[in-house]
1. If D161 meets every condition in (1) without any contact (Cβ under 8 Å) to a residue 60 or more places away in the chain; (2) assigned to a strand (DSSP E or B); (3) not hydroxyl-bearing (S, T, Y) apart from one, which number is that one?
2. Since E185 meets every condition but one in (1) in contact with a Lys or Arg (Cβ under 7 Å, 6 or more places away or on another chain); (2) in a helix (DSSP H, G or I); (3) surrounded by 20 or more Cβ atoms within 10 Å (Cβ to Cβ), which condition does it not meet?
3. Filter segment 145-168 for residues that are among the hydrophobic types (A, V, I, L, M, F, W, C) and touching a helix residue (DSSP H, G or I) at 6+ places or on another chain (Cβ under 8 Å); which is farthest from E81 (Cα to Cα)?
4. Which residue out of Q35, Q41 is out of contact with any Ser or Thr (no Cβ under 8 Å at 6 or more places or on another chain), on the phi < 0 side of the Ramachandran plot and surrounded by 15 or more Cβ atoms within 10 Å (Cβ to Cβ)?
5. Does any residue in segment 175-196 that is among the basic types (K, R) come within less than 6 Å, Cβ to Cβ, of a residue that is surrounded by fewer than 19 Cβ atoms within 10 Å (Cβ to Cβ) six or more places away or on a different chain, and which pairs are these?
Amino acid sequence: MDASSEIIESKLRKFLPWRKGPFILNDLILESEWQGDMKWQRLKNDITPLKNRRVLDVGAGNGYFTLRMALEGAKKALGIEPFLLFNYQYAAINALHKQDSKSMLLPLRLEEMPSMPIFESVFSMGVLYHQRDHMLHLSNLKEMMASDSELILETLIVDGDKGYSLIPEGRYANMRNVHCLPSIETLKSWLIDSGYRNIRVIDISQTTPNEQRKTQWIGDNPASLEDFLDPSNASLTVEGHPAPTRAIIICNN
């Protein structure tokens with residue numbers, strides 16, 4: 001690693017933990033906790049191409065996916081993320097990549113946004129299960145969508161019939177504020193009740209320690225998915241719930 005990369009690394013380490021990524025900066029590879037490309041590969045061939053579209057990335061974290069959306073040719077890719085540390089991470093990466101103004105990250109929650117039905121593609125990935133009111137979240141997403149636009153929703157699910165959902169007491173896979181994990185049929189019913197149409201499930205994948213893993217970029221005492229699963233049964237979390245499985249659903253407003 002050359003001197004400039006060592007300087008960049010020392011500066012970026014001031015913003016630990018890095019959850020979303022990875023990023024390649026010259027010969028520096030910033031190995032984030034999440035291998036974001038694995039999720040992107042699962043959805044990129046099924047979504048409407050982003051070229052010349054206005055895109056909203058809700059709960060964008062450090063803007064990893066927002067930047068990818070801009071690189072896919074979006075007319076404008078707007079990420080919203082209330083956690084300030086992640087906004088600083090985005091600013092650092094954006095400055096190093098010298099991106100143009102096609103991407104932007106704002107320190108806002110979805111409910112703080114004015115109704116702006118201008119976005120042709122709206123992404124909500126890893127957000128729904130953190131909402132106390134999941135129906136309000138789906139309604140707020142709809143208020144941001146232009147006519148005949150597309151919602152790409154990625155969330156944790158559990159097995160079960162229509163009407164079933166898991167409401168964890170305490171933590172889920174060591175995560176705080178996990179309020180509700182629906183079955184696929186329950187999730188579809190929420191979307192139908194919210195006025196969405198053309199609902200299609202494009203992927204269901206169990207999260208593995210290859211996708212969410214320990215790295216030096218998440219702190220001095222890193223812990224990740226492998227620590228949050230039952231050591232004697234990887235199909236369960238340490239709390240005894242089903243291990244994390246995520247679904248990606250695409251629908252229209």
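Bear in mind that the values in this text are calculations on the coordinates, not laboratory data. In this text the structure is predicted, and so the values were computed from the model without any measurement. Cβ: placed from backbone, ideal geometry, glycine included. Neighbour counts: every protein chain shown.
1. Just one mismatch for D161, condition (2).
2. (3) is the only condition that E185 fails.
3. So the first thing to find is which residues in segment 145-168 are among the hydrophobic types (A, V, I, L, M, F, W, C), and the list is 145-146, 151-153, 156-158, 166-167.
With the extra rule that they be touching a helix residue (DSSP H, G or I) at 6+ places or on another chain (Cβ under 8 Å), the set shrinks to 151-153, 156-157.
Numbers: L151: 18, I152: 17, L153: 16, L156: 19, I157: 23 Å.
It comes out as I157.
4. Values: Q41 fails: surrounded by 15 or more Cβ atoms within 10 Å (Cβ to Cβ).
Just one listed residue meets the conditions, Q35.
5. What qualifies is K188/I199.
Condition check ((1) in contact with a strand residue (DSSP E or B) (Cβ under 8 Å, 6 or more places away or on another chain); (2) buried (at least 19 other Cβ atoms within 10 Å of the Cβ); (3) in contact (Cβ under 8 Å) with a residue 40 or more places away in the chain; (4) farther than 30 Å from S147 by Cα) across all residues:
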{"site": "I199", "(1), (2), (3), (4)": "yes, no, yes, no"}
{"site": "I204", "(1), (2), (3), (4)": "yes, no, yes, no"}
{"site": "N210", "(1), (2), (3), (4)": "no, no, yes, yes"}
{"site": "I218", "(1), (2), (3), (4)": "no, yes, yes, yes"}
{"site": "A223", "(1), (2), (3), (4)": "no, no, yes, yes"}
{"site": "L229", "(1), (2), (3), (4)": "yes, yes, yes, yes"}
{"site": "T237", "(1), (2), (3), (4)": "yes, yes, yes, yes"}
{"site": "I248", "(1), (2), (3), (4)": "yes, yes, yes, no"}
{"site": "N253", "(1), (2), (3), (4)": "yes, yes, yes, no"}
